[in-house]
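Participant: Let me begin by handing over the structure; questions about it come next.
The values are calculated or read from the model by the stated rules, or taken from the named source; none is laboratory data. This is a predicted model, so every value here is computed, not measured. Glycine gets a Cβ as well: all are built from the backbone with ideal geometry, and neighbour counts include every protein chain shown. Only protein heavy atoms, including side chains, enter the accessible area calculation; ligands, DNA and RNA are left aside. Shrake-Rupley method; radii C 1.70, N 1.55, O 1.52, S 1.80 Å.
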Amino acid sequence: MAARPLVTVLGEDGAPSSKQLELPAVFTAPIRPDVVHFVHSCMAKNKRQAYAVNVNAGKQHSAESWGTGRAVSRIPRVQGGGTHAAGAGAFGNMCRGGRMFSPNKTFRKWHSKINQNQRRYAVASALAASAVPALVMARGHRIEEVEEVPLVVSDKAEQLKATKKAVDMLAKIKADADVKKCADSKKLRAGKGKMRNRRYTMRRGPLIVYKSGGKEAIELAFRNIPGVELCCVDRLNLLQLAPGGHLGRFCVWTESAFASLDELFGTHSKQSELKKGFKLSHPMMNNADLGRLINSDEVQSTVRPAKETVKRSPLKKNPLKNFAAMQAINPAAATAKRRALLKQKNAIAKKEEILKAKRAGTYEIPAKDKAARKEIKKSGKAWFKAAVKGTDLI
């Protein structure tokens, strides 16, 4: 939102004059990029020309389906014989030489209606953005040396007829850097558009907004300067104020055009005189600088102090996987583990000793083990006899 209460009018020579104008209320309107983008995308559709494929394209074969029972698909097939095309599928979008899927029609809904109040809101928002130097520079305009934004020149500019004088005036008000940027950006368009009367692309430069003069004067002077566009203040167009839906067009206003904005858009307390029922909406926030709001004394005096100590919950460890956690809950765990390791070590040593003796052929089963084995065998035989007693197995 523009915060400049008065705007200085520049003369033809680029020097500030003694005349100052109050900033119109439309420059304090809410800046809504979402509304501007939506309205711009809808408006841009309204210049489209209908296009479609020929209704007969892909259907100029004598073809008919063979029906079912022939172990082939039911797609229509070219009739006749004696040619490679005979029996080939036709008409379908999957067939060679067939029509496209869902062919384009000229009766498609090409254009889009937009609410009148929404259009006016978007134009007011685009005008407000054009008065914020940061947004204008972010859009790519070269306004580093410009006296002030919004830039207002005297009404003598509306009587200019020669392009040479118009170029001189732009240089004196330091707007020529933006024009030079546009002239240097002229490039050959990529793609088929080169063949369709849009051979070159170029960046947008200053928008000259005038009140009167039109085709008899000011348009003759500025129309041939690269990147420069003209617009009457009574016919402000969102496609020019926010090209591509991007806010922040660099505008050069004539004095009378600038002075008529309050009559055209009204103020926050008075309805527009020329747009029936339209009244500028109030911004939701008077100050959109959130950092300044949060750090202000009024807010900081009521918020609680920042917590310096942070209570952190410790990570719970699994005693079965973490030995230190096991030892904390079972002091005997270290002794038990040591015993188990020692037992395992002795068992491995004994096994290796037996294995070594077996390989050397000197291994003898201990008498104790022999007696135990005989006892196991004897008890097994006794159980078997008891199990098969009275049966015909033996």
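Participant: Using 1/(1 + (r/R0)^6) with R0 = 51 angstrom and r between the beta carbons of Arg312 and Glu148, what's the FRET efficiency to the nearest 0.05?
Facilitator: 0.40
Participant: Follow-up. Taking all protein chains together and a probe of 1.4 Å, list Ile208, Ile75 from the most accessible to the least accessible.
Facilitator: Ile75, Ile208
Participant: Counting only heavy atoms of protein chains, what accessible area per residue, in Å², does the chain have with a probe of 1.4 Å?
Facilitator: Solvent-accessible surface per residue comes out at 69 Å².
Participant: Suppose a student asked you for the relative contact order of the stretch 1-42, using Cα pairs under 8 Å spaced at least 6 residues apart; what percent would you report?
Facilitator: 37 percent
Participant: Here's something else I'd like to know. Of the peptides 242-251, 298-307, 51-60, how do they stack up when ordered by the mean number of other Cβ atoms within 10 Å, highest first?
Facilitator: Answer by packing, highest mean first, reads 242-251, 51-60, 298-307.
Participant: Hey, another quick one. Hey, got a sec? Which trypsin sites (Lys or Arg not before Pro) in the stretch 108-176 land in a DSSP loop and have at most 11 other Cβ atoms within 10 Å?
Facilitator: Passing both the DSSP loop test and the Cβ count: Arg108, Lys109, Lys113.
Participant: Please report how far the C-alpha centroid of the stretch 49-84 lies from that of the stretch 104-167, rounded to the nearest whole angstrom.
Facilitator: 54 Å
Participant: Okay, moving on. Out of the DSSP beta bridges found with both residues in the chain, what percent are antiparallel (nearest 5)?
Facilitator: The antiparallel proportion sits near 45 percent.
Participant: Can I ask one more? Could you put Tyr121, Tyr363 in order of accessible surface area, largest first, with the 1.4 Å probe and the full protein assembly present?
Facilitator: The residues order as Tyr363, Tyr121, largest area first.
Participant: Give me the distance in nm between label points sitting 7 Å out from Cα along the Cα-to-Cβ direction at Ser112 and Ala360, one decimal.
Facilitator: 9.6 nm
Participant: Ok, one more. Report, to the nearest whole %, how much of the accessible area of the chain belongs to carbon and sulfur atoms, 1.4 Å probe, protein only.
Facilitator: Here carbon and sulfur together make up 53 percent of the probe-accessible area.
Participant: What distance in nm separates the two pseudo spin-label positions at Glu22 and Asn46, each 7 Å out from Cα along the beta-carbon direction?
Facilitator: 3.2 nm
Participant: Report the number of Lys pairs in the stretch 38-143 whose alpha-carbons are under 16 Å apart, with separation of 8 or more residues or on distinct chains.
Facilitator: 5
Participant: Give me the distance in nm between label points sitting 7 Å out from Cα along the Cα-to-Cβ direction at Leu320 and Ala190, one decimal.
Facilitator: Roughly 6.1 nm, to one decimal.
Participant: Can you give the local net charge around Lys351? Use residues other than it whose beta-carbon is closer than 14 angstrom to its beta-carbon, Lys and Arg +1, Asp and Glu -1.
Facilitator: So the environment of Lys351 carries a net charge of +4.
Participant: Counting Lys and Arg as +1 and Asp and Glu as -1, what is the net charge of the other residues whose Cβ lies under 14 Å from the Cβ of Asn322?
Facilitator: Residues near Asn322 contribute +4 overall.
Participant: Where does each of Ser379, Ser18 land when they are ordered by accessible area, with a 1.4 Å probe and the largest first?
Facilitator: Largest accessible area first, the residues go Ser18, Ser379.
Participant: Still on this structure, please answer the following. Counting Lys +1, Arg +1, Asp -1, Glu -1, what net charge surrounds Arg32 among other residues with beta carbon under 14 Å of its beta carbon?
Facilitator: +1
Participant: Per the Kirkwood definition applied to all pairs of different Cα atoms, how many angstroms is the hydrodynamic radius of the stretch 217-340?
Facilitator: Radius from the Kirkwood sum: 22.9 Å.
Participant: Given the -39500 (n - 2.57) contribution per DSSP H run of 4+ residues, what per-residue ellipticity at 222 nm results for the chain, rounded to the nearest 500 deg cm²/dmol?
Facilitator: -10000 deg cm²/dmol
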